[in-house]
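The values are calculated or read from the model by the stated rules, or taken from the named source; none is laboratory data. Keep in mind that what you see is a predicted model, and the values were worked out from it rather than measured. We place every Cβ from the backbone using ideal geometry, glycine too, and count neighbours over all the protein chains shown. Calculation scope for accessible area: heavy atoms of the full protein, side chains included, ligands and nucleic acids excluded. Shrake-Rupley method; radii C 1.70, N 1.55, O 1.52, S 1.80 Å.
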Amino acid sequence: MAAQQYRAKIHVREATPEDVPAIHRLLRKAYNNDDMMAETPEALRGALNRFPQGQFVALWEDRVVGYCSTFVIRSEVALRAHTYAEITGNGFAARHDPRGDMLYGMEVAVDPDMRSKRIGQRLYNARKELCERLGLKGIAFGGRMPGLARRLRKVGSVEAYVEAVQKRQIRDSVLHFQLRNGFEFQRVLPNYLPSDRQSMGYAALMVWHNPNVPDESVVRTMPKDPTLERAVRVCTVQLKMRAVSSFSEFIANVEYFTEVASDYEADFVVFPELFTLQLLSAEPRKLSPADSIEALTNYTERFRDQMRDLAVAHNINIVGGSHPTKVANGEVRNVAYLFGRDGAVHAQEKIHPTPNESFWWNITGGERLSAIQTDCGPVGILICYDSEFPELARHLVDQGAVILFTPFCTDERQSYLRVRYCAQARAVENQCYVVLSGNVGNLPNVENMDIQYAQSCILNPCDFPFARDGIAADTTPNAEMVAFADLHLDALMRARNDGTVQNLKDRRFDLYSVNWKKPLPEDEEPDAAAGD
C-alpha cells in the first residue's frame, strides 16, 4: 500500500499581494479592532512592494493565522533612539535600504485563537533564517510591553519594569517571549508608538545578533529584484479628439496606437483623460452636459471588454485614459482603467473632480487611492487635477509605486502648465517617473470639450542618472503623435539611496505624514478587476 501524503496543517511562506485582505483582518482581530494599532491595507502593500522576501504569513489549513513583516536598514539607524513612525516610514517600510546591514522587525501578529500552537515561534524563526540567508548583522525591533500600564506604578520606572522581567520577577508575555528567543534588551524607546496604550507608548529596543557574521563585517547577499534589472518601455499617446461615427470606429483608432506601441515592444501605452468623449460625436443629436455623461456611462461595459481584449491581444499594459463610470450608489465617477496584458482590469477613480466636472457633468470624487501591481512593478494613476495635490502622489509612492501615470485633459496652455509643473514636482519630491498623456484637437459638437491643449511627456527626477532637464521624452505641442522612453527602475533605486538629494529617505517622519482617513470596507479589494 502506497504511503499516504499528509500536508502540514501549519506552514510559513512569503506573503503575496493576494494575502493582504486576510492579513488586515488578522491584524484587526489581533489588536481587537483597534485601527490605531493595525496597519492599513495600503501600508501592507507598501511593505510587500519594497521587500517581498521579508514579509511572511503563517497558514493553518490555508487560513492566515500569523503575519510577520521586516525590512532592511543600516544598523546605526536601527540602534539609535527612534519612533515607530520614523523607522518604518509610518508603517509603509519606506526606510527599507537594500544596502543596509540589519533586519528590522516591523510587525508580528498571531490570531488570538491560535496562540497555543507556537505560530509566533515559527515566524521568529523565519526572520532569523532570512537574516542569516542575507548575511546581515542581526535583527532589531521595538518590542511591546503590554503589562507596563498595569505595573508601572508598582515598579517605579520603565527601566525597572524591564529589569524585573529580565529577572523573572514580573512576567510580560511579549518581552518574555523575545528574551527567550535570544533577543537582548538595548534601551527603552519613549514615544515609540503612542497608540499602544498597554505599553504606554514605550517600547523595548531588542536585538538578536547573527552568529554567522562578525560584528565588524556584513555580507550583503540581498536577492536582486528581477523587475529592477530591466528597463520599462513606456509610450504616451497624444491623441487627437476626432468625430467618430460608431463605437467600432473609436476602438479602431485606439487599436492603431496600441499596435504601434506594441510593435515598438512597449510595456505600457498611455491614453489621455476622457478620450472616450469622442463617442458623443456619434450621438444623433447634441446632448446637454448631464445627458452627455449619462450616455457615456452606457458604453462602460463595452469599453472595458474591448480594451481588455486589446491589452491581451497586443501583449501590452494599457492605461486607458479615463471614462465616466456609474458606480454602485448611482454616482458618476471619472475612472481610469489599467488593462493588464494578463487580462486583469484595475480601476482608479479621480479623487478631485475639477469645478467644471462637478458643475457641468455632476461627477463626484472617488475615495480610495491604491498602487496597482503590474508585471513591471507597482504603479499609480493620478488623473489630471489629482496631480496637483502632493499628498496623493506621496500616498501612492508610500505604497511602492515607482511610475505614476497622469492622463490629462486641458483646454489651453496655462491649464496644461499647472498639470505639467505639478507632475514635474511629483517626480522630484517622490523620486519616481511620471507619464503625462493629453488630448489635442477639438470636438465642436460636444459640450465642454470645445478646445484642447497638450504637450505629453515622460518625466524623471532631476539627478545624475536621468535626463538632465528631468524630461525623458516629450511631444510637439498640439500635434497628434506618440513618444517613447525607457525607464530604468534600478537607476531610480540608486537615486533614492545614493542620489545628490534623497527626498524619500530624508523626510521628517517625526513631524508629518500622509494618513488616509477613510478606510476601505474589509471585503473590498482595491485592485479588484472591474466588472468581473
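Here Gly343 passes the criteria (1) within 26 Å of Trp516 (Cα to Cα); (2) surrounded by fewer than 24 Cβ atoms within 10 Å (Cβ to Cβ); (3) not charged (D, E, K, R) except the one numbered (1). From the list Gly138, Gly143, Gly89, the one residue that fits, being touching a His at 6+ places or on another chain (Cβ under 6 Å) and in contact (Cβ under 8 Å) with a residue 60 or more places away in the chain, is Gly138. For segment 386-409, the condition of being in a loop (DSSP other than H, G, I, E, B) and more than 28 Å from Gly340 (Cα to Cα) holds for none of the residues. Residues in segment 418-474 that are within 30 Å of Arg242 (Cβ to Cβ) and either charged (D, E, K, R) or part of a strand (DSSP E or B) (or both): 20 in all. Taking segment 115-133 as the range and being open to solvent by less than 10 Å² (accessible area, probe 1.4 Å) and modelled with pLDDT under 95 as the test, only Ile119 passes. Can you find, within segment 353-374, the residue that is surrounded by the most Cβ atoms within 10 Å (Cβ to Cβ) among those that are closer than 23 Å to Val514 by Cβ and aliphatic (A, V, I, L, M)? Checking each candidate, the answer is Ala371. Tell me yes or no: at least one residue of segment 429-447 is within 19 Å of the chain's Cα centre (by Cα), open to solvent by 10 Å² or more (accessible area, probe 1.4 Å) and not hydroxyl-bearing (Ser, Thr, Tyr). Yes, segment 429-447 contains a residue that is within 19 Å of the chain's Cα centre (by Cα), open to solvent by 10 Å² or more (accessible area, probe 1.4 Å) and not hydroxyl-bearing (Ser, Thr, Tyr).
Of all residues in segment 266-282, none are open to solvent by 20 Å² or more (accessible area, probe 1.4 Å) and of a type in the set (D, E, K, R). Of all residues in segment 145-163 being in contact with a strand residue (DSSP E or B) (Cβ under 8 Å, 6 or more places away or on another chain) and open to solvent by less than 60 Å² (accessible area, probe 1.4 Å), which is farthest from Met206 (Cα to Cα)? Here the residue is Val158.
The number of residues in segment 195-214 being surrounded by fewer than 19 Cβ atoms within 10 Å (Cβ to Cβ) and of a type in the set (D, E, K, R) comes to 1. Quick check: is even one residue across segment 404-416 at pLDDT 95 or above, surrounded by fewer than 24 Cβ atoms within 10 Å (Cβ to Cβ) and over 19 Å from Pro355 (Cα atoms)? Checking segment 404-416: not a single residue is at pLDDT 95 or above, surrounded by fewer than 24 Cβ atoms within 10 Å (Cβ to Cβ) and over 19 Å from Pro355 (Cα atoms).
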